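Here the structure comes first, spelled out in structure tokens, and everything after it is commentary.
The values are calculated or read from the model by the stated rules, or taken from the named source; none is laboratory data. This one's a predicted model, so the numbers in the text were calculated from it and none came from an experiment. Neighbour counts run over all protein chains shown; Cβ positions are idealised from the backbone, glycine included. All accessible areas refer to the heavy atoms of the entire protein, side chains included, with ligands and DNA or RNA removed. Shrake-Rupley method; radii C 1.70, N 1.55, O 1.52, S 1.80 Å.
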Amino acid sequence: MTTMHQNKSLSRPKDEAMIAGVCAGLARRFGMRPTTVRILFLVSCLLPGPQFVVYLVLWLLIPKS
């Protein structure tokens with residue numbers, strides 16, 4: 001039985017980044033496609049809440065890979 005080693009560290013990849021790489025980093029961490037996370041983020045911006053502020057904070061806190 002072989003196991004695959006997945007990158008479970010949270011970092012902002014340069015190669016998949018569109019703006020800051022936050023969505024790509026979250027997608028990589030949770031095993032999702034970056035496009036899916038980006039769409040979920042854009043849809044969540046239609047709801048009231050601090051989504052954009054959270055994105056900016058994650059941009060500052062998540063290290064570059």
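Structural remarks
- Distant-in-sequence amide H partners of Arg12 (H built 1.01 Å from N, under 5 Å): Lys64, Ser65
- Cα-centre dipole for the chain with unit charges at Cβ (Lys and Arg positive, Asp and Glu negative), debye to 20: 120
- Helix-only CD estimate at 222 nm, as mean residue ellipticity for the chain, using -39500 (n - 2.57) per DSSP H run (n ≥ 4): -14000 deg cm²/dmol
- Long hydrophobic helices in the chain: none of the complete DSSP H runs spans 20 Å or more by Cα along its own axis with mean Kyte-Doolittle hydropathy of at least 0.5.
- Accessible surface area normalised per residue over the chain is 78 Å², counting heavy atoms of protein chains with a 1.4 Å rolling probe.
- Accessible carbon and sulfur surface of the chain relative to its total accessible area, %, 1.4 Å: 69
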